[in-house]
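Working notes for the structure below.
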Amino acid sequence: MNANVQQRVFKIISEIINREESEIRLDASLQKDLQASSLDQMTIFIALEDEFERTIPQDEVTDLRTVKDIVDFIHKKIQEPSPT
Amino acid sequence: MSRRVVITGAGVVSPIGTGVVEFWRQCLQAKSVVTPVPEQWLNYADLRSRLWSPLHYDPESLGITRAERLQLDPVAVLAIGAAREAIQRAGFTLVPAGERSRAFSLPEVDSSRVGVYFGTGIGGAHSFLQNHVQHLYQRTHEALKVYSEERAPAVDRERLNGILALLAHLPRYHPFVVSMLMPNAASAAVGIKFSLTGPNVTYCVACASGTVAVGHGYRAVREGRVDLAVAGGSEYLYDEHGHIFRGFDVAGTLVRDYASAESANRPFDEKRSGFLFSQGGAGVLVIEELEHAKRRGAAIMAELIGYAETFDAHSMMSLAPGGEQIERMIRAAITDANLLPRDVDYINAHGTGTKNNDQTEVEVIDRVFGKSVRVNSTKSLLGHTIGASGAIEALVTALSLRDGTTHICKNLDTPILDLNFVRSIERFDPRIGLSQSFAFGGHNAAIVLRRFD
């Protein structure tokens, strides 16, 4: 796993939900453990789109539950060619 | 119930400076920022006016979090930034509203007795337009790109690439677009950010929005409906394609036929040609009942003592010739303050720089006040910030009364009428000031302020 991707995802999640990065664990559930609201979750994906310069359609992320799901998803996403 | 009402805090974001201290310093140096409009706008239309006053602001230094920046239109970001400064200048402590909350509470005040009164001319039009373009162009852009890359003859590709560049759009259709574009988003954002649960209303009255919001906040405090009003205006007029600018340009309202960029914006001058389009800004006042302010030892900038509004019922885009309703509005505001016209020392005019506005305005000022009252136009420095302008000009009026000086009416070489325009920085002894705004649609509003001794 790309540590840099994980670090950037953690930073975004911590900023959007206003928690310390140290509070975020890979196995944490966005909703149950981190108490991210649906608006928070949408905002996280907008921030990830900006950070990684990829389009993230909502239907691709509806099944992502944990921080690790997101990190894995981003990891795959950045293998796709960057939109010009 | 009628109570005395004072201004205890102010905040501002403007093309010439952010923060009251910096803004006022720049005003007194007659600072303005006038540059060519963004080059890409000219790809979409032949604009007659080519100048504007750009706004540089840093969301982070305005206390805006990453989440807020992603969820809010700039009009709300500017509103929060100016409100935050105003609330802090009024002496309130901002305490986090809860664990992990991005909001603040104000422990020294009963938040249910604090109202938010906010004006904006076009609300989140920026977000509406950016997302509208995305909605229209995304599939067309994709299809054309595929055609260009896979099927178009090589000879056509360069032209197609030029067309694709014109169809550039945001990468996403924003999931928060509705809450970004709605005109009440700025006042709602301020209420949410500072946990203020009193009345929260938006005044959409074009160029008079800021003055109307301040006036209604003042009335609410005076009549005892609230103890404190966070009142002001916010506007953001930029979009990638110059759509908003073009609307004012085709209406023939903007500066043109200028000798130089620096001299183009010239309210009340014979050579005026229209108003200078500003990218935007925000001004916010904390308006407070006098005894409430005294009890907490707040510093008082000025007293608000009168307000009135009238409507022309004449034209969507032109002042009624003669300015009968403007005169009635001014006289009503002065009567509301229990004063006579001769008591007024200083007028912060609407002063846009359009032929029609300035001519009507000087005639009315001459009729009501004669040549004794000092007159300037803050728009001669900032350009026109539309819904923010009235609130920013109320702030300038308060600062002028407090400091016994005011800024010049810039680029005024040959006045259209021999009024007492401020043409050099000097000390004077103003006790009473009046700030007025007129709007597309026909709305007129004025507030009257008194120096607080």
Using a basic spin-label model with each label point 7 Å from the Cα along Cα→Cβ, how many nm lie between residue B:291 and residue B:356?
-> 4.8
Low-density loop positions, GluC sites (Glu not before Pro), segment B:350-453 - DSSP coil, at most 12 other Cβ in 10 Å | B:426
Restrict the search to segment B:43-108; then list the GluC sites (Glu not before Pro) that DSSP places in a loop and that have at most 15 other Cβ atoms within 10 Å of their Cβ.
-> B:60, B:99, B:108
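To two decimal places, what compactness ratio does segment B:315-403 give when its Cα radius of gyration is scaled by 2.2 N^0.38 Å? The partial results should precede the final answer.
Working: Rg = 13.1 Å, N = 89, 2.2 N^0.38 = 12.1 Å.
Dividing the Cα Rg of segment B:315-403 by 2.2 N^0.38 Å gives 1.08.
Could you list B:369, B:176 so that the one with the fewest beta carbons within 10 Å of its beta carbon is first and the one with the most is last? Working shown, then result.
Numbers: B:369 21, B:176 18.
Ordered by Cβ neighbours within 10 Å, fewest first: B:176, B:369.
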How large is the dipole of segment B:37-118 about the Cα centre if only Lys and Arg carry +1 and Asp and Glu carry -1, each at its Cβ, rounded to the nearest 20 debye?
-> 60
In chain A, which longest range has no GluC sites (Glu not before Pro) that are both DSSP loop (not H, G, I, E or B) and surrounded by at most 14 other Cβ atoms within 10 Å?
-> A:21-52
Mind checking which of A:37, A:14, A:22 has the largest fluctuation in a GNM of chain A, springs on alpha carbons under 10 Å?
-> A:22
Mean projection of the alpha-carbon convex hull of segment B:136-178 over all orientations, in nm²?
-> 3.3
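Going by average Cβ neighbours within 10 Å, how do the peptides B:280-291, B:396-407 rank, with the highest at the top? Write out the running numbers ahead of the final one.
Working: B:280-291: 29.2, B:396-407: 22.2.
By packing density, highest mean first, the sequence is B:280-291, B:396-407.
If you restrict to DSSP beta bridges whose two residues both lie in the protein assembly as shown, what percentage is antiparallel, to the nearest 5?
On the way: 43 of 64 bridges.
Expressed as a percentage, antiparallel bridges in the protein assembly as shown total about 65.
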Roughly how tilted is helix B:324-336, in degrees to the nearest 10 and between 0 and 90, from the longest Cα axis of chain B?
-> 50
Hey, rough spin-label estimate for residue B:342 and residue B:29, points 7 angstrom out along Cα→Cβ, what's it come to in nanometres?
-> 4.1
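Are there trypsin sites (Lys or Arg not before Pro) in segment B:7-84 that DSSP marks as loop and that have at most 15 other Cβ atoms within 10 Å, and which are they? Present the calculation step by step, with values, prior to reporting the outcome.
Working: sites: B:25, B:31, B:48, B:50, B:66, B:69, B:84; in loops: B:31, B:48, B:50.
In loop regions of segment B:7-84 (DSSP not H, G, I, E or B), the sparsely surrounded trypsin sites (Lys or Arg not before Pro) are B:48.
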For the protein assembly as shown, alpha-carbon Rg relative to the globular expectation (2.2 N^0.38 Å, N residues) = 1.05
Whole-Å distance, taken between Cα centres, linking segment B:38-104 and segment B:108-135 | 11
For labels at residue B:146 and residue A:31 in the simple 7 Å Cα→Cβ model, what's the distance in nm?
-> 3.4
For segment B:338-453, report the translational diffusion coefficient in µm²/s to the nearest whole number, using Stokes-Einstein at 37 °C, 0.692 mPa s, and a Kirkwood Rh over Cα pairs.
-> 232
Cα-Cα over 26 Å: which of A:76/B:193; B:31/B:271; B:355/B:410; B:355/B:379; B:294/B:379; B:294/B:410?
-> A:76/B:193; B:294/B:379; B:294/B:410
Based only on Cα atoms, what Rg/Rh ratio does segment B:104-262 have, Rh being taken as Kirkwood's radius?
-> 1.17
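Compute the length gained on full extension between residue B:405 and residue B:156: take 0.36 nm times their separation in residues and subtract their Cα-Cα distance, giving the result in nm to one decimal. All intermediate terms of the calculation are to be shown ahead of the outcome.
On the way: separation 249, 0.36 × 249 = 89.64 nm, distance 6.35 nm.
Separation in residues times 0.36 nm, less the Cα-Cα distance, equals 83.3 nm.
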Taking Rh as the Kirkwood radius computed over C-alpha pairs, what is the Stokes-Einstein D of segment A:3-77 at 4 °C in a medium of viscosity 1.567 mPa s, expressed in µm² per second?
-> 107
At a Förster distance of 25 Å, what's the computed FRET efficiency of residue B:3 paired with residue B:197, Cβ-Cβ distance as r, to 0.05?
-> 0.75
Please work out the FRET efficiency for the pair residue B:299 and residue B:99, using the Cβ-Cβ distance as r and a Förster radius of 30 Å; give the result to the nearest 0.05.
-> 0.40
Once Lys and Arg are counted +1 and Asp and Glu -1 for all other residues with Cβ under 12 Å from that of residue B:312, the total becomes -2
So what's the gap between the Cα centers of segment B:404-453 and segment B:189-246, to the nearest angstrom?
-> 22
Which distance in Å, rounded to a whole number, links the C-alpha centroids of segment B:17-36 and segment B:293-338?
-> 26
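Bear in mind these aren't lab numbers, they're just calculated from the coordinates by the rules spelled out. None of these values were measured; they are calculated from a predicted model. Methodologically, a virtual Cβ is constructed for each residue, glycine included, from the backbone with ideal geometry; neighbour enumeration extends over all protein chains shown.
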